[in-house]
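Have a look at the structure below, then the notes.
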Amino acid sequence: MPDLFKKLIKKTSALVALCIISLTCLTAIFAYQLAPDNTPNANAMIVELAAKKPGFTKEFLYIPKHKIQENGSLLSCWFSGTPSSCDELPINAHWQKDNILFVEHYIDEGVSDTLHYKLADLRPLTIKSRTFYLGTDRFGRDILSRLLIGSRVSIAVGLVAVLLSLTIGITLGAIAGYYGGIIDSIVMWLINILWAIPTLLLVFAITLTIGKGFFEIFVAIGLTMWVSAARLIRGQVLVLREMEYVSAAKALGLGNMRIIFRHILPNIAGPIMVIAASNFAAAILIEAGLSFLGIGIQPPQPSWGMMIKEHYNFLLTNRPLLAILPGIAIMLLVYAFNILGNALRDVLDVKG
């Protein structure tokens, strides 16, 4: 593995891909610590600030909520965000008179009204300025925060789908290739049947069966991607089972499962790594497509595909970045995994 990494970083494209993937993974882990809006799902809606341009800055009055949600444990806040204890009111100006705070409530450009609050109800009095570096979406949510937290979905779906697809694909492919005969025929029949069904249609069917949700969509994608892995592993095992070291292992009385998992599979680690990178990229694209169609990740959970769905009609207006930014994020991550897969193929000299 150290030698493999040294060979990879010598290739500029692979190094760039590794940097993109590593940065995305770190962003996914520390999403709520990096996001300006660290409420659950970055779902704090400020309707007055809908579809604002990048760099928009506004002053806010923080009004304590009457009913405060419990923050939960530190671990819960790390992975799920921290519920806000205040409502954010955008304002243009504020002034005090006696024990009353008057604010000019921002409604839209050139539109405002005057509100007043008792200072005793605003303890502690908090007025802060906030910048939306990538602007806001049509619901007034911070785009940067939604992008950062949405990276979790893409990384998670790729990881779960790859683990699930490789587990099933390696097991069935190795058994079919090693034993041959009727077992091979049955596995290949199943592979050919699933191969003939378009991936999205198969995902639709599984999703409708097990339901829509955060974990269900991961399982659905993983259950459709094992076919290519099984086909590749079967072909590799068919070749390696005829090698002399396999015959020697059989002569020593080693069990079939030990020969498969201890002696054959380690020798095809290269093709497995290549197909893992390819499946990771494919899983991200499938999830984005499903979320765009409305049967993937459900709101208010942020997903890059859903962000495109919510704002694709803005492409024809003066706010195209609302749909372009998540599209660029998907493109960069998929590009990185495809480049990494190609680099692994070259370094490991995997024959296509």
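Quick one: would you say Leu322 is in a helix (DSSP H, G or I) and in contact with a His (Cβ under 6 Å, 6 or more places away or on another chain)?
Yes.
Hey, any hits in segment 295-318 for a residue that's among the aliphatic types (A, V, I, L, M), over 16 Å from the mean Cα position of the chain (by Cα) and either at pLDDT 90 or above or buried (at least 22 other Cβ atoms within 10 Å of the Cβ) (or both)?
No; the residues of segment 295-318 include none that is among the aliphatic types (A, V, I, L, M), over 16 Å from the mean Cα position of the chain (by Cα) and either at pLDDT 90 or above or buried (at least 22 other Cβ atoms within 10 Å of the Cβ) (or both).
Condition check ((1) modelled with pLDDT of 90 or more; (2) under 18 Å from Leu122 (Cβ atoms)) across all residues:
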site: Asn41; (1), (2): yes, no
site: Phe56; (1), (2): yes, no
site: Gln69; (1), (2): no, no
site: Phe79; (1), (2): no, no
site: Leu89; (1), (2): yes, yes
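Quick one: is Glu48 assigned to a helix (DSSP H, G or I), out of contact with any helix residue (DSSP H, G or I) (no Cβ under 7 Å at 6 or more places or on another chain) and in the same structural domain as Trp78 (by TED's automatic domain parsing)?
Criteria met by Glu48.
Does Ile155 fit the bill of being in the same structural domain as Ala283 (by TED's automatic domain parsing) and surrounded by 22 or more Cβ atoms within 10 Å (Cβ to Cβ)?
Here the answer is no, as Ile155 does not meet what is asked.
Scan Val227, Val157, Val239, Val187 and give me the residue that is touching a Phe, Trp or Tyr at 6+ places or on another chain (Cβ under 9 Å) and free of Cβ contacts under 8 Å to residues at least 60 places away in the same chain.
Every option except Val227 fails the conditions.
Considering only segment 63-71, I want to know if a residue exists there that is part of a loop (DSSP other than H, G, I, E, B), out of contact with any Phe, Trp or Tyr (no Cβ under 9 Å at 6 or more places or on another chain) and of a type in the set (Lys, Arg).
Yes, that holds for at least one residue.
Can you pull out the residues in segment 204-218 that are more than 15 Å from Gln298 (Cβ to Cβ) and hydrophobic (A, V, I, L, M, F, W, C)?
Phe204, Ala205, Ile206
Given the conditions (1) loosely packed, with under 14 Cβ neighbours inside 10 Å; (2) over 25 Å from Pro302 (Cβ atoms); (3) not aromatic (Phe, Trp, Tyr), and given that Thr131 satisfies all but one, which numbered condition is not satisfied?
(2)
Is it true that some residue in segment 89-106 is surrounded by 12 or more Cβ atoms within 10 Å (Cβ to Cβ), among the hydroxyl-bearing types (Ser, Thr, Tyr), over 20 Å from Pro40 (Cα atoms) and touching a Lys or Arg at 6+ places or on another chain (Cβ under 7 Å)?
Within segment 89-106, one or more residues are surrounded by 12 or more Cβ atoms within 10 Å (Cβ to Cβ), among the hydroxyl-bearing types (Ser, Thr, Tyr), over 20 Å from Pro40 (Cα atoms) and touching a Lys or Arg at 6+ places or on another chain (Cβ under 7 Å).
For segment 78-99, how many residues meet the condition of being within 13 Å of Asp37 (Cβ to Cβ), of a type in the set (A, V, I, L, M, F, W, C) and not in a strand (DSSP E or B)?
Of the residues in that region, 0 qualify.
Have a look at Phe102, Phe79, Phe60 and point out the one that is in contact with a helix residue (DSSP H, G or I) (Cβ under 8 Å, 6 or more places away or on another chain) and touching a residue at least 12 places away in the same chain (Cβ under 8 Å).
Every option except Phe79 fails the conditions.
For every residue, the table says whether it meets (1) in a helix (DSSP H, G or I); (2) surrounded by 20 or more Cβ atoms within 10 Å (Cβ to Cβ); (3) modelled with pLDDT under 90.
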{"position": "Phe218", "(1), (2), (3)": "yes, yes, yes"}
{"position": "Leu223", "(1), (2), (3)": "yes, no, yes"}
{"position": "Val227", "(1), (2), (3)": "yes, yes, no"}
{"position": "Arg234", "(1), (2), (3)": "yes, yes, no"}
{"position": "Leu238", "(1), (2), (3)": "yes, no, no"}
{"position": "Glu242", "(1), (2), (3)": "no, no, yes"}
{"position": "Pro266", "(1), (2), (3)": "yes, no, yes"}
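Before we move on, is Ala281 loosely packed, with under 15 Cβ neighbours inside 10 Å, out of contact with any strand residue (DSSP E or B) (no Cβ under 8 Å at 6 or more places or on another chain), closer than 30 Å to Gln236 by Cβ and small (Gly, Ala, Ser)?
The answer is no for Ala281.
Give me the residue from segment 69-115 that is under 20 Å from Ala31 (Cβ atoms) and aliphatic (A, V, I, L, M) and, out of that set, nearest to the chain's Cα centre (by Cα).
Leu75
The values are calculated or read from the model by the stated rules, or taken from the named source; none is laboratory data. For clarity, every value in this text was computed on a predicted model and none was experimentally measured. Counting neighbours? That spans all protein chains shown, and the Cβs are built from the backbone with ideal geometry, glycine included.
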